[in-house]
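Quick notes on the structure that follows.
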Amino acid sequence: EEDNNGEPSLVGRFAFSPMYGSDFGLSFHTGAYNIFKSEGLTIDDRRRLSILAFDAEHTLAGLNIQGEAAFASIEIPRSLQGLFAERQAGYYLQLNMPFAFGWIPMWERSKLTASARYEWLDLDRHIQGDDRRRLTVGLNFRPVQDTALKLNYEQNWVRDREDNLTRGVRIIFSLASYF
């Protein structure tokens, strides 16, 4: 397949694992995102998208801690500045505690996992508002490694571009199976 603008982006991830159960990463993406040339003719200004992300995971005394933070910079045409965001950012922090290993005799490798996760996403760093926050607490049951039954409770806070707050709550039951 051909790249949409004839110019591939530069992407990568550097990882560091100082000990078993720990992983730290730095990821990046940078490159033109728009079609600025067609058949050798310049039809638009070249616009760059750059994303920088940091992630980490560590397991300590059975508690798994995960997190990630990401920052995006998007070049917007001057005529559209203010309508679309040029700077975005977000992060999450999640705690997972597996327990009840093999409590169900017919599934010797079964386990339960309690989890808590906090997320924040700012869709426009230049204005107050246009952000989302979420707190999720959940319980997952894995009868086998590749199947999970999940029950989550979510509390959501959403601010629109005028900084008006909307709150929401939902309960989610899901099934995931991997093969």
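Using C-alpha pairs below 8 Å separated by at least 6 residues, the relative contact order for the stretch 75-179 is 20 percent. In a DSSP loop and with at most 12 other Cβ atoms within 10 Å, the trypsin sites (Lys or Arg not before Pro) in the stretch 58-153 are R109. In loop segments of the stretch 1-79 as defined by DSSP, the chymotrypsin sites (Phe, Trp or Tyr not before Pro) with at most 11 further C-beta atoms inside 10 Å of their C-beta are Y20. The label-point distance for E162 and L80, in a model that sets each label 7 Å from Cα toward Cβ, rounds to 2.4 nm. Summing Cβ point charges (Lys, Arg +1; Asp, Glu -1) relative to the Cα centre of the chain gives a dipole of roughly 700 debye. Normalised by the number of residues in the chain, the average gap of Cα pairs under 8 Å and 6 or more apart makes the relative contact order 12 percent. The simple spin-label model puts a point 7 Å past each Cα toward its Cβ; for E108 and S73 those points are separated by 5.6 nm. Distance distribution note for the chain: the fraction of Cα pairs above 25 angstrom is 55%.
Within the stretch 82-118, the chymotrypsin sites (Phe, Trp or Tyr not before Pro) that combine a DSSP coil assignment with at most 15 other C-beta atoms in a 10 angstrom radius are F101, W103, W107. So if we plug the beta-carbon distance of D45 and R132 into 1/(1 + (r/R0)^6) with R0 = 25 Å, what FRET efficiency do we get, rounded to 0.05? Approximately 0.25, to the nearest 0.05.
A convex hull fitted to the Cα coordinates of the stretch 97-179 yields 99 cubic angstrom per residue.
Pair-distance distribution of the stretch 1-106: all C-alpha pairs, bin width 10 Å, starting at 0; shares per bin in whole percent are 12, 28, 24, 18, 11, 5, 1.
Every read-out reported here was derived from the displayed coordinates using simple, explicitly stated rules and does not represent laboratory data. Predicted model only: the values in this text are computed from it and were never measured. Here Cβ is always computed from backbone atoms with ideal geometry, including for glycine, and neighbour counts include all displayed protein chains.
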